[in-house]
1. If I model a spin label as a point 7 Å beyond the Cα along the Cα-Cβ vector, how far apart are those points for residue 58 and residue 1 in nm?
2. Quick one: putting +1 on the C-beta of Lys and Arg, -1 on the C-beta of Asp and Glu, what dipole do you get for the chain around its Cα centre, in Debye to the nearest 20?
3. What relative contact order, as a whole-number percentage, does the stretch 29-125 give when Cα pairs under 8 Å and 6 or more residues apart are counted?
4. State, to one decimal in nm, how far the label point of residue 51 lies from the label point of residue 138, with both points 7 Å from Cα in the Cβ direction.
5. Quick one: pull the percentage of alpha-carbon pairs in the chain with a separation above 25 Å.
6. So if each residue of separation counts as 0.36 nm, and I subtract the Cα-Cα distance between residue 43 and residue 108, what length gain in nm does that give?
7. Residue 124 to residue 98: FRET efficiency via 1/(1 + (r/R0)^6), r the Cβ-Cβ distance, R0 35 Å, to the nearest 0.05?
8. Roughly to the nearest percent, how much of the accessible area of the chain is carbon and sulfur, given a 1.4 Å probe?
Amino acid sequence: MEKTLSIIKPDATTRNITGKVNAMIEDAGLRIVAQKLICLTTAQAEKFYQEHKDKAFFTNLVDFMTSAPVIVQVLAGENAVSLYRKIMGATNPAVAEEGTIRKTFALSIDKNTVHGSDSPESAKREIGFFFSETEICE
Ligand code: ADP
Ligand code: MG
């Protein structure tokens with residue numbers, strides 16, 4: 001079983017649609033093995049998105065991710081990393097496939113409802129960023 005880190009973003013928590021997002025995750029066969037609602041600090045968001053620190057959208061991204069609560073969660077399943085990327089859909093909802101979370105719920109390329117790890121290596125690092133081993137129930 002592989003694990004991946006998911007974040008349900010502020011545009012979803014503020015619209016009260018986190019249950020609908022979780023339903024799509026569970027319908028795809030992924031198990032939620034850890035989950036908590038938190039308010040990211042600016043320092044946490046900047047550290048989490050380190051890889052994007054030189055991008056034009058970085059400040060906007062950090063501001064958005066700290067604008068309201070997020071739900072951080074660990075998803076487990078066969079090929080969880082790539083399966084979750086598939087059901088999330090493309091970063092830009094305008095080009096995301098029908099039936100994906102982002103096509104269904106995202107408002108724009110920045111307010112795009114969910115984050116998912118992009119590789120097993122990223123998943124390991126990102127899960128460790130938010131969860132201790134005892135918080136994950138497999
Ligand atoms: P993904 O979340 O699909 O892995 P990236 O890792 O490339 O996408 O980007 C991280 C996040 O930064 C995106 O989910 C989105 O919220 C934001 N973002 C990416 N590209 C842009 C952009 N061109 N304009 C505004 N926000 C962006
Ligand atoms: Mg990414």
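1. 3.7 nm
2. 280 debye
3. Here the relative contact order equals 26 percent.
4. For residue 51 paired with residue 138, the spin-label model returns 2.2 nm.
5. 18 percent
6. That works out to 21.0 nm of additional length.
7. The value I calculate is 0.65.
8. 50 percent
The values are calculated or read from the model by the stated rules, or taken from the named source; none is laboratory data. All of these numbers come straight from a predicted model, not from anything done at the bench. In this analysis, Cβ positions are derived from the backbone assuming ideal geometry, glycine residues included, and neighbour counts consider all displayed protein chains. Quick note on the areas: whole protein, heavy atoms, side chains included, nothing else; ligands and nucleic acids left out. Shrake-Rupley method; radii C 1.70, N 1.55, O 1.52, S 1.80 Å.
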